[in-house]
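Heads up: the structure comes next, in structure tokens.
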Amino acid sequence: MNKYWIKLTEREQLLVSGCALSIIFFMMYVFIISPLLKEKNDAVRALETQKNIYYHVVDMAVQATVTGSFKGLDISETMPLREAATVTARATGIAISRIQPGSDNRVTFWVDEASTQDIAAWLLLLKNEHHWSVSKVTINKNTNNNTVRGQFEFKGNEL
């Protein structure tokens with residue numbers, strides 16, 4: 001390699017050296033500087049998000065201490081799923097026949113006999129007043145009358 005280098009003219013040696021230096025700087029940028037800048041930008045973005053969440057929580061805390069309650073938040077929004085489901089079922093005339101906790105904080109409710117309008121009203125009441133959404137529904141028509149029976153699975157950790 002040394003013989004090849006000596007055979008090159010001074011101009012060619014400068015050109016090869018310049019290309020090698022350019023490649024070294026490019027590789028440093030791609031493998032060192034660019035990932036560091038990306039990580040810094042991600043950290044700044046995450047910090048801003050956390051700051052916004054923090055300021056929102058502080059504002060809610062100040063509002064709660066001044067007014068004694070959170071604006072727009074009442075007790076029904078924090079009601080547990082089982083309690084909210086039974087209260088709204090009673091309000092809509094639905095009889096829940098079975099409640100079964102499952103894995104991953106899931107809860108399944110069985111309704112043996114109800115009209116489709118009552119079930120729709122029950123699910124809408126749970127969604128609109130208590131902020132619980134059903135994640136899986138299985139409904140079958142009862143053969144002896146115009147009612148349905150169903151299974152309703154809710155994810156228990158979402159509000």
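The values are calculated or read from the model by the stated rules, or taken from the named source; none is laboratory data. Just so we're clear, the structure is a prediction, and the values are computed from it rather than from any experiment. When we count neighbours, we look across all protein chains shown, and the Cβ atoms used for this are built from the backbone with ideal geometry, even at glycine. Just so you know, the surface numbers come from the protein's heavy atoms only, side chains and all, with ligands and any DNA or RNA stripped out. Shrake-Rupley method; radii C 1.70, N 1.55, O 1.52, S 1.80 Å.
So if I take the centroid of the Cα atoms in the stretch 86-128 and the same for the stretch 6-33, what is the distance between those two points in Å?
72 Å
Would you mind checking which residues have amide H under 5 Å from THR147's amide H? H placed 1.01 Å from N; only 5 or more apart, or other chain.
Result for THR147 returns ASN142.
Over all distinct Cα pairs, what is the inverse of the mean 1/r for the chain, reported as the Kirkwood hydrodynamic radius in Å?
Its Kirkwood hydrodynamic radius stands at 21.9 Å.
Rounded to the nearest 10 degrees, what's the angle between the helix 116-130 long axis and the longest principal axis of the chain, both from Cα atoms, 0 to 90?
Roughly 60 degrees between the two axes.
Expressed as a whole percentage, what fraction of the accessible surface of the chain belongs to carbon and sulfur atoms when a 1.4 Å probe is rolled over the protein heavy atoms?
After summing per-atom areas, the C and S share lands at 60 percent.
What are the principal axis extents of the Cα atoms in the stretch 1-72, in Å, biggest first?
On the principal axes, the stretch 1-72 reaches 87, 17, 15 Å in Cα extent.
Whole number in Å², please: accessible area per residue of the stretch 1-158, 1.4 Å probe, ligands, DNA and RNA not counted.
On a per-residue basis, the stretch 1-158 sits at 75 Å².
Which ³J(HN,Hα) values in Hz, rounded to whole numbers, follow from the phi angles of the stretch 48-55 under the Karplus curve 6.51 cos²θ - 1.76 cosθ + 1.60, where θ = phi - 60° and Gly and Pro get x?
With coefficients 6.51, -1.76 and 1.60, one gets 4, 4, 5, 5, 4, 5, 4, 5 Hz.
Using +1 on the beta carbon of Lys and Arg, -1 on that of Asp and Glu, and nothing else charged, what's the dipole of the stretch 113-159 about the Cα centre, debye to 20?
160 debye
Taking the Cα-to-Cβ direction at GLU39 and at ARG106 and moving 7 Å from each Cα, how far apart do the two end points lie in nm?
Simple spin-label model gives 3.9 nm for this pair.
Show that you can apply the helix-only estimate: for the chain, add -39,500 (n - 2.57) for every DSSP H stretch of four or more residues, divide by all residues, and state [θ] at 222 nm to the nearest 500.
-18000 deg cm²/dmol
Pairs of lysine in the stretch 16-150 with Cα under 20 Å and at least 8 positions apart or on different chains: total?
4
5 Å is the cut-off here: which amide hydrogens, built 1.01 Å from N in the peptide plane, fall below it relative to SER135, excluding neighbours closer than 5 in sequence?
Under 5 Å from the amide H of SER135 lie the amide H atoms of GLU153, PHE154, LYS155, each far enough along the sequence or on another chain.
Using only Cα atoms, tell me the angle between helix 81-92 and the longest principal axis of the chain; keep it within 0 to 90° and round to the nearest 10.
With rounding to tens, the tilt is 40 degrees.
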